[in-house]
Amino acid sequence: MSEPQPPAPFRPALLVVDVQEDFCPPHGALAVPDGRAVIPPINALLALPFAFKAATKDHHPPHHVSFASRHPGAVPFVTHTTIANPANPAETYATRLWPDHCVAGTPGNVLAAGLDAARLERVVLKGLDPRVEMYSAFRSPLRSPPLASAVSGLAGLLREREITDVFVTGLAGDYCVLYSALDSAEEGWRTYVVEDAVRCVGGAEAWESKKQELEAKGVKVVRADGE
Ligand code: VGL
Ligand code: ZN
């Protein structure tokens, strides 16, 4: 007879990605369709006993490389540009350009009104380096070598707290939520996206294809509303 095994550890973290005024209608500079609808389900999750609850904020300096206004002739939402790794110009990354958004110190940068922020243990900032795009809550897509300024410290916080499972919510499902969840899974955490607590820049249609990409890479898509 083998010894009874202790239960597998389950120490879940809740990650609230970029639920900021600039990503919310009606006035946000980069308002995600129906973006404010993520707030009630996220608040319900924030009331649960997760081992760690953290939010991220997109936190850009003025003239960030992802702003169309930085690139002569570029049109927000339409033009793409190629960004090179400042530490290795051979590594490049193509990215969509946006309206100026989430600039540090502006009203659009703050966590959205009504989000139960008092329950958050940490707010992790990302996108601070004016030279690099950073959708993921963990790091810039430019990785060879990774720039110190483009690694958020989130992975270390999750490891310190011995997190086993990461539940990702927030905005936008087709950008920062997507890349945060993919990096979380790649780092080895069991990773879930709570789909009723997510909205996409490209609306419901965009979510269907991103969902397939997530599931293909081992991320589970779940719901908080039990539907
Ligand atoms: C995001 C576009 C630009 C996001 C951030 O939080 O999904 N999207 N910056
Ligand atoms: Zn941004």
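Before moving on, here are some points about what is shown:
- Relative contact order %, the chain, counting alpha carbon pairs below 8 Å whose residues are six or more apart: 25 percent
- Computed over the range 152-204, relative contact order equals 42 percent, with contacts defined as Cα pairs under 8 Å that lie 6+ residues apart.
- By average C-beta atoms within 10 angstrom, highest first, the peptides 45-51, 177-183, 13-19: 13-19, 177-183, 45-51
- With contacts taken as Cα pairs under 8 Å and at least 6 residues apart, the range 98-222 reaches a relative contact order of 19 percent.
- Over the range 58-184, all Cα pairs binned in 10 Å intervals from 0 give whole-percent P(r) values of 12, 41, 36, 11, 1, listed from short to long.
- Packing-based exposure ordering (other Cβ within 10 Å, fewest first) of Val194, Val168, Val103: Val103, Val194, Val168
- Across the chain, counting alpha-carbon atoms alone, Rg and Dmax equal 17.5, 73 Å.
- Overall form of the range 1-131 per C-alpha gyration tensor (a/c, 1.5; a/b vs b/c): oblate
- Antiparallel %, DSSP beta bridges [both residues in the range 73-214], to 5: 55 percent
- Global form of the range 25-94, assessed from the alpha-carbon gyration tensor, a/c cut-off 1.5: oblate
- Nearest-ten-degree value, helix 203-216 long axis tilted from longest Cα axis of the chain: 50 degrees
- Charge dipole of the range 133-227 (Cα centre as origin; +1 on each Lys and Arg Cβ, -1 on each Asp and Glu Cβ, all else neutral): 280 debye, rounded to the nearest 20.
- In summary, the lysines within cross-link reach of Lys210, defined as a Cα separation below 21 angstrom excluding same-chain residues under 8 places away, comprise Lys220.
- The simple Förster model, with R0 at 30 Å and r as the Cβ-Cβ distance, assigns Thr164 and Ser144 a FRET efficiency of 0.55.
- Extension gain, Tyr93 back to Asn43 (0.36 nm per residue minus Cα-Cα distance, nm): 14.5 nm
- The alpha carbon gyration tensor of the range 91-153 gives principal lengths a ≥ b ≥ c with a/c of 1.5 or higher and a/b no greater than b/c, which makes the shape oblate.
- Remark on the range 113-227: hydrodynamic radius 14.9 angstrom, per the Kirkwood mean of 1/r across alpha carbon pairs.
Any read-out appearing in this document is the output of simple, stated calculations on the displayed coordinates, not a laboratory observation. Predicted, not measured: the structure shown is a model, and the values here were computed from it. Ideal geometry is used to build each Cβ from the backbone, glycine not excepted, and the neighbour counts take in all protein chains shown.
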